Amino acid sequence: MSENIKLEKIIIYLFTAIVSFAVYIFLTTDIRITLIPHISTIKLLYPMQFEFIPGTGYREAGGLFIIGESCIGAKLFICLFLILTICRVDRYDGFFKKISSILLFCITAVFLAYIATVFRITASIPFCGMENFQLIHTIFSLMVYFGTGLGLYAFLNYRSEKKS
């Protein structure tokens, strides 16, 4: 492997780390804004009202549950973004195409993370009144997050095999 290719890979992965860190900070800095898609979807599907509590998140008006920072999916975003980058960036020729693809991967990962977290929250709401809600929600969260990552990886693998 030539020195230029090694340096390019280092720059690409360093850029990926910087982008993922920046987006993570953006997603977790103002949860009032970043949780809007979650709250909007829940209000669309369920007749619920929410109030924003600074430092906590959105509390359902009856106190049934809170949608907070951990519900945003910022860590899931990082996992999906890294899966996309590691599995796909080498398929692009040229430094600027790789950088552009990383930005596209970033947008895709945010979109997928939002879909997964909105699904996770909305599907957990019917279980809110149960005694073991926290356990059920945690198990369901792990299944959704792991399934999303595994599904993305399987999809990327399928696309790779189909093209070759």
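A compact table of results
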| quantity | calculated |
| --- | --- |
| Per residue accessible area of the chain, 1.4 Å probe, in Å² | 61 |
| Net length gained if the chain between S70 and L104 were fully extended (0.36 nm per residue, minus Cα distance) | 9.8 nm |
| With Cα atoms, 0 to 90° folded angle of helix 74-88 axis to the chain main axis | 30 |
| Ranked order, K163, K98, K6 - accessible area, probe 1.4 Å, largest first | K163, K6, K98 |
| Relative contact order (%) - criterion: Cα under 8 Å, at least six apart; region: the chain | 22 |
| Gaussian network model of the chain, Cα within-10 Å springs - most flexible of G149, G129, G57 | G129 |
| Cα-based Lys proximity count in the chain, under 17 Å, for pairs eight or more positions apart or on separate chains | 4 |
| Gained length - R32 relative to I18, 0.36 nm times residue gap less alpha-carbon distance | 2.7 nm |
| Net lengthening on full extension, L150/I10 (0.36 nm per residue, minus Cα-Cα) | 47.8 nm |
| The chain: angle of helix 36-45 to the longest principal axis, Cα-based, in degrees nearest 10 | 50 |
| The chain - mean residue ellipticity at 222 nm from DSSP helices (-39,500 (n - 2.57) per run, n ≥ 4, rounded to 500) | -24500 deg cm²/dmol |
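The values are calculated or read from the model by the stated rules, or taken from the named source; none is laboratory data. These figures come from a predicted structure and were not determined experimentally. To get the accessible areas, we keep the full protein, side chains included, count just its heavy atoms, and leave off ligands, DNA and RNA. Shrake-Rupley method; radii C 1.70, N 1.55, O 1.52, S 1.80 Å.
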